[in-house]
Amino acid sequence: MSSTDNPVSFAAQIRPLFRPIDINHMAWLCDLSKYEDVRDNAQSILDRLKGGGAGPMPPPTAGGPWSAENIALFAKWIEDGCVA
């Protein structure tokens, strides 16, 4: 299946992954509840999700890192062109 089939949508699949605690912790970078902010910072967010920089997002004290499946979904959203 190509990435043009069933593209990942921010509203339907990505936004629900961000919990209020995630939104609060990442407010210094962007507003994870807003499509434009997440789109504009997608690569930085993906790097954090993968554990780059200061550690994984979210940290263990805030519910722990995302599953490999959710990280792959976020990466596919980027690959699909950051569909709203």
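No lab work stands behind these numbers, since they all come straight from the coordinates. The model shown is predicted, which means the values in this text are computed figures rather than measured ones. Every residue, glycine among them, receives a Cβ derived from its backbone with ideal geometry; neighbour counts consider all protein chains shown.
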Checklist entry - Is there any pair with a first residue in region 63-84 that is among the polar types (S, T, N, Q) and a second that is crowded, with 16+ Cβ neighbours inside 10 Å whose Cβ atoms are under 7 Å apart and which are 6 or more apart or on different chains, and what are they? => result 70/17
Next on the checklist: If a residue must be farther than 17 Å from residue 84 by Cβ, of a type in the set (Asp, Glu) and assigned to a loop (DSSP other than H, G, I, E, B), how many such residues does region 4-52 contain?
Outcome noted: 1
Checklist entry - In region 1-40, what residues are among the basic types (Lys, Arg) and either closer than 16 Å to residue 66 by Cβ or within 11 Å of the chain's Cα centre (by Cα) (or both)? => result 15, 19, 39
